[in-house]
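K.L.:
My questions all concern the structure below.
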Amino acid sequence: LKKVKKQKVLLMGKSGSGKSSMRSIIFSNYLARDTRRLGATIDIDLSHVKFLGNLTLNLWDCGGQEAFMENYLSQQRAHVFSNVGVLIYVFDIESRDVDRDLATYVNIISALVQYSREAKVFVLIHKMDLIQPMTREDVFDRRVALVRRKTAEAVAIVRKQKPELTGPSPPPPPGPGGAMAGSLPSPDSPIPDLEVSMQLFATSIWDQSLYKAWASIIHDLVPNLSVIETQLASLGVAIDADEILLFERTSFLVVSKWTSPEGESNPYGDRFERMSNILKAWKHTCSKFTGTPRNAEQFSDFEYKMGANFSMFVTKFTTNTYILVCMPPGEASSIAPS
Ligand code: GTP
Ligand code: MG
């Protein structure tokens with residue numbers, strides 16, 4: 001029997017930072033320009049995303065207007081912050097009130113470690129397209145240092161107040177005999193050093209950076225990925241490929257990849273998220289021509305030949321995945337789907 005893993009994913013950050021935009025692009029096939037029409041999220045917008053057949057993401061897109069944030073931190077505190085697998089916190093890099101944003105962030109992190117100390121944290125420094133390209137790296141590095149420092153502060157607060165704050169444990173999730181209760185960390189287990197384990201990304205809906213960040217998030221969540229990775233490697237060696245990528249069907253996020261020793265010399269380190277972006281655009285174009293609703297549209301094959309340099313094709317692989325195979329010159333014709 002296949003074990004289905006459910007993960008509660010909190011998407012948080014102040015109003016207008018771009019949470020619903022990224023969710024709509026990754027999971028509902030919006031184009032970046034479509035997001036201008038999104039209204040502010042009222043309270044929490046819950047959605048369930050099935051991933052590769054054995055992972056369900058319960059995505060909590062939490063409206064970021066101040067009154068809602070205060071409510072999550074008070075009345076809804078246990079409800080929102082219990083049993084969290086992942087927190088994705090989005091900062092708008094163009095925000096005018098950085099201090100206030102960081103104060104809210106500290107409160108959110110404190111609530112998270114109080115109720116779900118094992119949760120993974122991803123911070124997206126978003127709307128990077130609005131920063132001059134020349135200064136982007138600098139701006140990002142400075143923000144990363146600041147966020148890590150604030151995270152450490154938030155964790156320290158909870159550690160200090162632990163006796164009161166660890167308080168009544170959250171109720172065990174429904175299920176036969178509260179099966180998961182045993183796996184919940186005991187209130188005395190140490191709070192991990194979140195400022196070290198957290199991951200930060202510079203993102204924008206206007207380029208492929210969004211795909212890089214979300215692929216990393218998903219990569220950490222898919223169960224049994226090592227099995228898939230081993231099998232991809234065997235396949236790659238068997239057919240003499242340069243590279244193989246596995247994309248999730250709806251989002252086109254790269255869930256797994258294998259690269260041959262020769263393929264490792266490819267200088268384009270961002271080629272994976274670029275492919276996600278390109279294939280998503282291709283899917284859009286397909287749906288425009290066939291008139292199918294864009295969520296339903298699936299293409300079967302996509303082939304690309306670059307003279308004598310390399311050749312690649314993308315084809316449906318399993319119900320939930322597409323596979324991309326990149327072959328060295330001369331090898332492609334024997335293997336491409338006809
Ligand atoms: P609440 O629901 O109120 O919490 O806001 P939200 O975080 O969901 O913001 P939303 O996704 O609705 O985005 C607000 C605006 O930001 C929209 O007009 C988007 O088009 C814009 N936006 C989102 N991401 C980016 C980005 O990467 N760059 C730029 N320039 N604008 C973006
Ligand atoms: Mg929203």
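The values are calculated or read from the model by the stated rules, or taken from the named source; none is laboratory data. Bear in mind that the values here come from a model prediction, so they are computed numbers and not experimental data. So basically every Cβ, Gly included, is an ideal-geometry build from the backbone, and we count neighbours across all protein chains shown. Side chains are part of the model used for accessible areas, which takes the heavy atoms of the whole protein and leaves out ligands, DNA and RNA. Shrake-Rupley method; radii C 1.70, N 1.55, O 1.52, S 1.80 Å.
K.L.:
Solvent-accessible area per residue for region 1-149 at a 1.4 Å probe radius, Å²?
P.N.:
On the way: 6990 Å² over 149 residues.
So region 1-149 comes to 47 Å² accessible per residue, rounded to a whole number.
K.L.:
A further question on this structure: Grab the Cα-Cα distance for SER15 and TYR268, subtract it from 0.36 nm times how many residues apart they are, and report the gain in nm with one decimal. Before the final figure, lay out the partial values.
P.N.:
Numbers: separation 253, 0.36 × 253 = 91.08 nm, distance 3.47 nm.
Extra length available between SER15 and TYR268 comes to 87.6 nm.
K.L.:
Heads up, I need the accessible area for ASP45: 1.4 angstrom probe, whole protein in place, Å², nearest 10.
P.N.:
60 Å²
K.L.:
Non-local amide H neighbours of GLY13 (under 5 Å, H modeled in plane, Pro and chain starts lacking H): which ones?
P.N.:
The answer is VAL90.
K.L.:
Starting from the residue with the highest accessible area, list TRP60, TRP282 in decreasing order, probe 1.4 Å. Could the numbers behind the result be given before it?
P.N.:
Details: TRP60 30, TRP282 95 Å².
Most to least solvent-accessible, the answer reads TRP282, TRP60.
K.L.:
If you don't mind, another one. Given a 1.4 Å probe and heavy atoms of the protein chains only, how would you sort TYR268, TYR115, largest accessible area at the top? List each step's numbers first, then the result.
P.N.:
Numbers: TYR268 145, TYR115 55 Å².
The ordering from most to least exposed comes out as TYR268, TYR115.
K.L.:
Something else about it: Want the number for ASN224 to ASN54: 0.36 nm per residue separation, take away the alpha-carbon distance, what's left?
P.N.:
Values: separation 170, 0.36 × 170 = 61.20 nm, distance 0.93 nm.
Here the segment from ASN224 to ASN54 would lengthen by 60.3 nm.
K.L.:
Taking Rh as the Kirkwood radius computed over C-alpha pairs, what is the Stokes-Einstein D of region 62-145 at 25 °C in a medium of viscosity 0.890 mPa s, expressed in µm² per second? Walk me through the numbers on the way to the answer.
P.N.:
Values: Rh = 14.0 Å.
Roughly 175 µm²/s, to the nearest whole number.
K.L.:
Restricting everything to alpha-carbon atoms, can you work out Rg to Rh for region 1-88 with a Kirkwood hydrodynamic radius? Kindly include the intermediate steps, with their values, before the conclusion.
P.N.:
Numbers: Rg = 13.9 Å, Rh = 13.8 Å.
Here the Rg-to-Rh quotient is 1.00.
K.L.:
How far, in nm, would the chain grow between ALA281 and ASP34 when pulled straight, counting 0.36 nm per residue and subtracting the alpha carbon separation? The partial results should precede the final answer.
P.N.:
On the way: separation 247, 0.36 × 247 = 88.92 nm, distance 1.34 nm.
Gain on stretching ALA281 to ASP34: 87.6 nm.
K.L.:
Going by average Cβ neighbours within 10 Å, how do the peptides 29-35, 51-57 rank, with the highest at the top?
P.N.:
Details: 29-35: 15.4, 51-57: 18.1.
Top to bottom by mean Cβ count within 10 Å: 51-57, 29-35.
K.L.:
Let me check something: with ligands and nucleic acids excluded, how do LYS120, LYS8 order by accessible area (1.4 Å probe), largest to smallest?
P.N.:
On the way: LYS120 90, LYS8 25 Å².
Heavy-atom accessible area, descending, gives LYS120, LYS8.
K.L.:
Follow-up question, since we're still on this one. What is the distance, in nm, between label points placed 7 Å from the Cα along the Cα-to-Cβ direction at GLN132 and at SER47?
P.N.:
Simple spin-label model gives 3.6 nm for this pair.
K.L.:
Hey, which lysines would be in cross-link range of LYS288, C-alpha to C-alpha under 18 Å, not counting anything within fewer than 8 residues on its own chain?
P.N.:
List returned: LYS280.
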